[in-house]
Amino acid sequence: MSNFFVKRDELKKSDAIVVLTGNGWERTEWAIKLYKQEWATLLVMIGSTGSRPSPEMAEFAEQFGIPKNKILIDTNSTNTRLNANNVVGLAQKYGWEQIILVTSPHHQLRSYLTFKKAIKDFQGHLKIINYPPLQYSWFELVESSRNKKHKVLRFFYLFSELYRILKYRIKGDL
């Protein structure tokens, strides 16, 4: 069911693995696994919101053997659209052609659509490989994206994402 919102793409060597902030460590653990399998030589931890902001995710990755100089941290975004804008800017700055986008399966579709819109708006040519975590229990209690001490049944994130997709569509971010 982790492919519920968006199809997982075929993995290809990429310039960076981009990990959006959120709750828990699943996104970061998944990105570490992809990095260690050599799908890219750079991890980009992006965002300042959620219970696991990008500096925490980077520190976690370092604890699992990812060299500090292979982690780029961006704390200048507070939502998915700003994440996308910043990544597109980084791609243009560093000449990236392709990234692997990692976020939670429930967040992947909105992230992908938002990134595609940002690429179009900035007249970029960045390719995105959608690759959310494979192991994902929808009926598990997990830490809230806003409060590490509060637990939420992950299944309910599906409903909040449907609302956010509609909200982003109305705002013109998709």
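Restriction of the GluC sites (Glu not before Pro) in region 100-174 to DSSP coil positions whose beta-carbon has at most 15 other beta-carbons within 10 angstrom yields Glu140. Straight Cα distances below 18 angstrom link Lys171 to the aspartates and glutamates Asp121, Glu161, with same-chain residues fewer than 8 positions distant left out. Excluding ligands, DNA and RNA, the accessible surface per residue across region 35-91 is 44 Å² with a 1.4 Å probe.
Amide H contacts of Ser77: Gly47, Ser48, each under 5 Å away and 5 or more positions distant or on a separate chain (H built 1.01 Å from N in the peptide plane; Pro and chain starts excluded). Computed over neighbours whose Cβ is under 13 Å from that of Ile119, the net charge equals +2, Lys and Arg +1, Asp and Glu -1. Counting only protein heavy atoms and a probe of 1.4 Å, the accessible surface of the chain is 53% carbon and sulfur.
The aspartates and glutamates within cross-link reach of Lys33, meaning a Cα-to-Cα straight distance under 15 Å and a gap of 8 or more places when in the same chain, are Glu62.
Most simply put, region 1-121 has about 10% antiparallel DSSP beta bridges, counting only bridges with both residues inside it. Counting only Cβ charges, +1 for Lys and Arg and -1 for Asp and Glu, the dipole size of the chain around its Cα centre is about 460 debye. Looking at region 10-47, the GluC sites (Glu not before Pro) that sit in a DSSP loop and have at most 14 other Cβ atoms within 10 Å of their own Cβ are Glu10, Glu38. From the largest down, region 36-157 spans 40, 32, 26 angstrom on the principal axes of its Cα atoms. Give the shape of region 1-104 as rounded, prolate or oblate, defined through the alpha-carbon gyration tensor: a ≥ b ≥ c are the square roots of its eigenvalues, a/c under 1.5 means rounded, and otherwise the shape is prolate if a/b is larger than b/c and oblate if not. Rounded, because the longest to shortest axis ratio a/c is under 1.5.
The values are calculated or read from the model by the stated rules, or taken from the named source; none is laboratory data. It should be emphasised that the depicted structure is a prediction, and the values quoted were computed from it without experimental measurement. Don't worry about glycine lacking a Cβ; one is built from the backbone with ideal geometry, like all the others, and counts go over all protein chains shown. All accessible areas refer to the heavy atoms of the entire protein, side chains included, with ligands and DNA or RNA removed. Shrake-Rupley method; radii C 1.70, N 1.55, O 1.52, S 1.80 Å.
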